[in-house]
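FYI, it's all coordinate maths here, none of it is from the lab. Keep in mind the model is a prediction, meaning the values are calculated, not measured. Positions of Cβ are backbone-derived with ideal geometry, glycine not excepted, and every protein chain shown enters the neighbour counts.
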Amino acid sequence: MTTLAATAHSDEATCRDVLKKCDLALHYQQEVNKTQEQMIKDQLDLNWVLKDQITAQSIWKPIAIGAGIVIGVETIILLLRK
């Protein structure tokens, strides 16, 4: 009877230890998941910022090229008039 009680107590202690380890592992996994979610959110934010910058650059580049061409053509016209 004593060995049965000792075995039951030992099994209970082992179960508690395993449960504590499982709880700890679950807690760490939840922290990892939160960190990964934040990383994904930050990456999406970065993508939006870069997209906006590319859009802004793509608007100004043709305008600058067009202005350069106009200035060049006007310069040539002024030079040919003289």
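Observations, loosely collected:
- Along the axis of the charge dipole computed for the chain (Cβ charges of +1 for Lys and Arg, -1 for Asp and Glu, origin at the Cα centre), the listed residues Ala67, Gln43, Ala25 are led at the positive end by Ala67.
- Debye log10 I(q)/I(0) for the range 9-57, one point scatterer per Cα, at q = 0.14, 0.18, 0.29 Å⁻¹: -0.56, -0.68, -0.94
- Here each label is just a point 7 Å from Cα along the line to Cβ, and for Tyr28 and Leu80 those points are 7.8 nm apart.
- Compared with the direct C-alpha span, the chain from Trp60 to Asp17 gains 9.0 nm at full extension, assuming 0.36 nm per residue.
- Shown here: percent of Cα pairs over 16 Å apart, derived from the displayed model; of the candidates (1) 59; (2) 77; (3) 43, it corresponds to (2).
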